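Inspection log for the structure reproduced underneath, given as structure tokens.
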Amino acid sequence: MAITNMKLDKISRSRKTPGGKTIKIAKEKKAGHAICAVCGVKLMGVPKGKVNSISKLSKTQRRPQRPYAGVLCSNCSRNLFKSKIRVDGKTQSVDQTDLRLLKFLKSMKKK
Ligand SMILES: [Zn+2]
């Protein structure tokens, strides 16, 4: 899709060249925080930045060292592990688990 002048105004700033022409330079997009897939809370221990800068970090610096780190926050993953154990131990049925965690619970069962 072509960028219209109105769109360019929102994402750019104008600057004069040495030749006297006024040109528009597109601004760089800022990267946002990584958020939890279930509750939307900002994830701790996950660096903020573009993929290019994060890929230069070591693997241990990119996210915490536990299952579903970088996807779920600590509270949601704790609830997920609890419900996984309860479902496996048959003290809780799958219907009683949180609907938002059901997708992750099913992905754990495959492994
Ligand atoms: Zn969460």
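Restricting to segment 48-62, count the residues that are in a loop (DSSP other than H, G, I, E, B) and either charged (D, E, K, R) or under 16 Å from the mean Cα position of the chain (by Cα) (or both).
Quick first cut of segment 48-62, residues in a loop (DSSP other than H, G, I, E, B) only: 48-50, 55-58.
Now drop any that are not either charged (D, E, K, R) or under 16 Å from the mean Cα position of the chain (by Cα) (or both), which leaves 48-50, 55-56.
Matching residues across segment 48-62 total 5.
Total residues in segment 17-47 satisfying the condition of being closer than 14 Å to TYR68 by Cα and in a strand (DSSP E or B): the figure is 1. For THR97, the requirement of being away from the ligand (no atom under 13 Å from the Cβ) and touching a Ser or Thr at 6+ places or on another chain (Cβ under 6 Å) is met. Here segment 63-94 is the region considered, the condition is being outside any loop (DSSP other than H, G, I, E, B) and loosely packed, with under 13 Cβ neighbours inside 10 Å, and the residue that is nearest to the ligand (Cβ to nearest atom) is ASN75.
Since every read-out is calculated from the coordinates, none of them should be taken as a lab result. Given the structure is predicted, the values throughout are model-derived calculations rather than measurements. Note that we place each Cβ from the backbone using ideal geometry, even for glycine, and neighbour counts take in every protein chain shown.
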